[in-house]
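Each reported figure results from applying straightforward, stated rules to the coordinates on display, with no laboratory input. Bear in mind the structure is a predicted one, so any value in this text is a computation, not a measurement. Virtual Cβ from ideal backbone geometry, glycine too; neighbours counted across all protein chains shown.
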Amino acid sequence: MTGGVGHDHLKRFYKYHFVDSNPEDTKLVPISRTIGTDRLVDEMLFCFTHTREIDWMLPGVEPTGKYVEIPLIAIVHFRGDKLYNEHIYWDQASVLVQIGKLDPAGLPVAGHATAQKLLDPSLPSNKLMGDLWHSSEGKPL
């Protein structure tokens, strides 16, 4: 629910709330890139220490000093040779868990484990499902 569509809104958003609002140690780890006729889709790991307010991701949340690693998807839409819009998706609950603003107890929230699973697909899946996952073991496929 942050960003903009069209030249003026995108320019304002990028200039004042996106490009320079990321913490100094921000790191993007590329995972995959898909290129279409008018869109570019990047899957990445977004890593940072929450040392400043991040307008586009954590608006109004004071810095916690906590380190965050979160899978992030960016879908960049072009019209001709111009940027038209960019949609960025991430698991906000997992970010909030990592900065200590959300207690994951009793919630289906993974926190830092989402980043670990993205980088290491051999880690087990469906841990959030607990007994639900185990109940299907041995059933016909």
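What single numbered condition from (1) surrounded by fewer than 15 Cβ atoms within 10 Å (Cβ to Cβ); (2) assigned to a strand (DSSP E or B); (3) not polar (S, T, N, Q) fails to hold for residue 47?
Of everything listed in (1) surrounded by fewer than 15 Cβ atoms within 10 Å (Cβ to Cβ); (2) assigned to a strand (DSSP E or B); (3) not polar (S, T, N, Q), residue 47 misses just condition (1).
Please go through the stretch 69-102 and pick out each residue that is among the hydrophobic types (A, V, I, L, M, F, W, C), within 10 Å of the chain's Cα centre (by Cα) and in a strand (DSSP E or B).
Within the stretch 69-102, 70, 72, 73, 74, 88, 90 qualify.
Could you say which residue among 89, 67 is of a type outside the set (D, E, K, R), closer than 20 Å to residue 24 by Cα and surrounded by fewer than 16 Cβ atoms within 10 Å (Cβ to Cβ)? Lay out the reasoning, then the answer.
Details: 89 fails: closer than 20 Å to residue 24 by Cα.
Answer to the check: 67.
May I ask you to list the residues in the stretch 5-24 that are of a type outside the set (Gly, Ala, Ser), in a helix (DSSP H, G or I) and surrounded by 12 or more Cβ atoms within 10 Å (Cβ to Cβ)?
In the first step, residues of the stretch 5-24 are kept if they are of a type outside the set (Gly, Ala, Ser); the result is 5, 7-20, 22-24.
Okay, now just the ones that are also in a helix (DSSP H, G or I), so 7-20.
Residues satisfying the conditions are 9, 10, 11, 12, 13, 14, 17, 18.
Quickly run through the stretch 26-59 and pick out the residues that are farther than 18 Å from residue 114 by Cβ and not aliphatic (A, V, I, L, M).
Residues satisfying the conditions are 33, 34, 36, 37, 38, 39, 51, 52, 53, 55, 56, 59.
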